[in-house]
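Asks: This is the structure, below, for whatever I ask next.
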Amino acid sequence: MAVQSKSNEIRITRMYDAPVKAVWDAWTDPKQVAQWWGPRGFTITTHSKDLRAGGTWVYTMHGPDGTDWPNKTLYHVVEKHSKLVYDHGGNDDRPPMFRVTVLFSEVDGKTKMEMSMALPTPEAAEETRQIIKKHSGNSTWDRLAEYLEKESTGKEAFVINRTFDAPLATMYEMWTNPEHFTKWLPPTGFDMKFIRCDIRPGGSGFYVMTGPGGMKMYGKVNYQKIEKPDHLVYTQVFCDENEKISRHPMAPTWPETMLTDVRLTPEGPDQTRVTITWEPFGTKEEIETFIKGRAGMTQGWTGSFDKLAAFLGRTS
């Protein structure tokens, strides 16, 4: 069960399929951190890094609109492979925004990352939550998952997380009852209907999405793993109305087959975190299209998750 956050704290928990040393190194090696630090579309330049209590990490974050954000991180605690405590968001001209505590622990060969951001007041915490949401700040930790996956297996992946105010059993129902997930899963502006649906290991589904102007997109789903109450795995392809495999109608070089892994993790009696991992299968050109499309995937899933949050509000 997750620890209830204090009113002036923002807490984030993630599980990474990598050893603690690999996650620690990704955090502390400037060459590695440059591959994932910041929301999607952002890059960083490290000017200096002195990883010790009393040391600093001086870097500039570059926004997708060309804005530069100078940062100076001041470390208070550095316990190798275990704990970091630092002040974030300050520089020589302004005080830090908040103090961060990050704990790294090994769980069944994976790494549990527990982060808390302590702000001066509850109002400051809420304002920071809105800033994080506006800039898709939590995609930073999804980018870390993608980086670790690439370093470990060589595979490209897309990862996105979202925590919902609903118990685990309800979230499982949202993913396995077609009457529910067709209400929130399709992209904004589209309606979804299953022509055939058999949600079980080895089962399949055939659906149609209808969009603006009556545009129709057909797709097939093959369910590989259904583990109640917290894990689903399925593949997905585009097809025509006769179930013959076709290409994405608006992106002809999109990968032919996508593997979707859905994991549901309780974060308290009435909260569940959803972790989506997409893995593409296709040609080199198709994989490149996938890599370049991560920002759009984030936008698409964010829209679906917003609809799911609203749907949960109506069905609770």
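Asks: Once neighbouring chains are kept in place and the probe is 1.4 Å, which whole percent of the accessible area of region 221-316 is contributed by carbon and sulfur?
Replies: 53
Asks: Leaving out same-chain residues fewer than 8 places away, which aspartates and glutamates sit with a Cα under 12 Å from that of K72?
Replies: Counting by Cα, and skipping residues close in sequence, K72 has these aspartates and glutamates nearby: D50, D87, D92, D93.
Asks: While we're looking at this one, here's another question. If I stretch the segment between I131 and D17 completely, what's the gain in nm (0.36 nm per residue apart, minus their alpha carbon distance), one decimal?
Replies: Gain on stretching I131 to D17: 38.2 nm.
Asks: Give the calculated FRET efficiency between K150 and D50 to the nearest 0.05, with a Förster radius of 30 Å applied to their Cβ-Cβ distance.
Replies: 0.60
Asks: Below 8 Å between Cα atoms, with a sequence gap of 6+, how large is the relative contact order for the chain in percent? Numbers along the way, then the final one.
Replies: Working: 655 pairs, mean separation 45.9, N = 316.
So the answer I get is 15 percent.
Asks: Count charges around D240 for me, please; just the other residues with Cβ under 11 Å from its Cβ, Lys/Arg as +1, Asp/Glu as -1.
Replies: Taking every Cβ under 11 Å from that of D240, the sum is +2.
Asks: So what J values fall out for region 202-215 if you push phi through Karplus, 6.51 cos²θ - 1.76 cosθ + 1.60 with θ = phi - 60°, rounded to Hz, Gly and Pro as x?
Replies: x, x, 8, x, 9, 9, 9, 10, 10, x, x, x, x, 4
Asks: Helix-only mean residue ellipticity at 222 nm, the chain, DSSP H runs n ≥ 4 weighted -39,500 (n - 2.57), per residue, nearest 500. What is it?
Replies: So the helix-based figure for the chain works out to -8500 deg cm²/dmol.
Asks: Follow-up. Per residue, how many Å² of accessible area does region 1-111 show with a 1.4 Å probe?
Replies: 53
Asks: Quick one: with all protein chains in place, what share of the accessible area of region 7-143 is carbon or sulfur, to the nearest percent (1.4 Å probe)?
Replies: 51
Asks: Report the gain in length on full extension from A310 to T210: 0.36 nm times residue separation, minus Cα-Cα distance, nm rounded to one decimal.
Replies: Stretched fully, the A310-T210 segment lengthens by 33.9 nm.
Asks: T60 to D108: FRET efficiency via 1/(1 + (r/R0)^6), r the Cβ-Cβ distance, R0 30 Å, to the nearest 0.05?
Replies: 0.20
Asks: What whole-number value in Å² describes the accessible area per residue of region 265-316 for a 1.4 Å probe?
Replies: Solvent-accessible surface per residue comes out at 51 Å².
Asks: Which length gain, in nm to one decimal place, applies between E123 and E285 when the Cα-Cα distance is subtracted from 0.36 nm times their residue separation?
Replies: 53.6 nm
Asks: Let me ask another. What is the angle, in °, between the Cα long axis of helix 139-153 and the longest principal axis of the Cα atoms in the chain? Nearest 10 is fine, range 0 to 90.
Replies: 80
Asks: For R196, R314, give the ranking by accessible area with the largest first, probe 1.4 Å.
Replies: R314, R196
Asks: Once you list every other residue whose beta carbon is under 9 Å from the beta carbon of P96, what net charge do they have if Lys and Arg are +1 and Asp and Glu are -1?
Replies: Around P96, the charge tally is +2.
Asks: Which aspartates and glutamates have a Cα lying under 14 Å from the Cα of K244, excluding residues fewer than 8 positions away in the same chain?
Replies: Correct list for K244: E256.
Asks: If you don't mind, there's one more thing I want to ask. Suppose R0 equals 22 Å; then what is the FRET efficiency for E241 and F194 from their Cβ-Cβ distance, rounded to the nearest 0.05?
Replies: Efficiency, rounded to the nearest 0.05: 0.95.
Asks: In whole Hz, what ³J(HN,Hα) sequence does region 261-270 give by Karplus (6.51, -1.76, 1.60; θ = phi - 60°), x for Gly and Pro?
Replies: After applying 6.51 cos²θ - 1.76 cosθ + 1.60, I find 10, 10, 10, 10, 10, x, 10, x, x, 10 Hz.
The values are calculated or read from the model by the stated rules, or taken from the named source; none is laboratory data. Treat the numbers as computed from the prediction; the structure is a model and nothing was measured. Neighbour counts are summed over all protein chains in view; Cβ atoms, including those assigned to glycine, are modelled from backbone coordinates with ideal geometry. Areas reflect the complete protein model, heavy atoms only, side chains present, ligands, DNA and RNA absent. Shrake-Rupley method; radii C 1.70, N 1.55, O 1.52, S 1.80 Å.
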